[in-house]
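Any read-out appearing in this document is the output of simple, stated calculations on the displayed coordinates, not a laboratory observation. Predicted, not measured: the structure shown is a model, and the values here were computed from it. When we count neighbours, we look across all protein chains shown, and the Cβ atoms used for this are built from the backbone with ideal geometry, even at glycine.
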Amino acid sequence: MIGSEIGPPKNIIDEVFPISKTNTLPEINYSLPIAKISVKGLNGQNKIISLNFHHSIADLRDLVIAEFPHTPIGFKLILTFPRKILSDLTHTIDLEKLDNSVVLITK
């Protein structure tokens with residue numbers, strides 16, 4: 001039969017933009033300082049995300065994908081003040097000074 005697949009349907013979102021290489025979310029070490037980041041979704045929903053200062057922007061993106069499941073592929077994270085696109089996934093929460101900040105999800 002043409003066009004049929006064997007096995008469960010694939011989730012194209014997971015293939016294009018996986019949560020991470022290990023499919024696990026970053027773990028918070030509560031014995032270390034914790035940054036609180038207010039993230040505002042496309043629908044106006046606001047969530048507080050907690051990460052350690054050594055976590056990366058990639059870790060923040062992983063949590064955004066988990067917390068805002070309907071966020072489109074290729075979304076951007078924008079720091080509100082000073083206004084800046086968080087595009088370097090290797091930068092840390094500490095380096096970007098994200099503690100007590102507001103981050104917007106945009107298309």
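Some observations on this one:
- Ordered by the number of other Cβ atoms lying within 10 Å of each residue's own Cβ, fewest first, F75, F81, F53 fall into the sequence F81, F53, F75.
- Among H54, H70, the ranking by other beta carbons within 10 Å of each residue's beta carbon, starting with the fewest, stands as H70, H54.
- Length gained on full extension, H91 to K47, computed as 0.36 nm times the residue gap minus the Cα-Cα distance: 13.7 nm.
- Of the residues N52, P26, V39, the one whose Cα sits farthest towards the positive end of the charge dipole of segment 23-73 is V39 (charges of +1 on Lys and Arg Cβ, -1 on Asp and Glu Cβ, taken about the Cα centre).
- Under the shape rule built on the C-alpha gyration tensor, where the axes satisfy a ≥ b ≥ c, segment 28-68 is prolate, since a/c reaches at least 1.5 and a/b is greater than b/c.
- Simple spin-label estimate for A58 and T24 in nanometres, 7 Å along Cα-Cβ: 1.5 nm
- Peptides 55-64, 83-92 ordered by packing proxy, namely the average of other Cβ atoms within 10 Å per residue, highest first: 55-64, 83-92.
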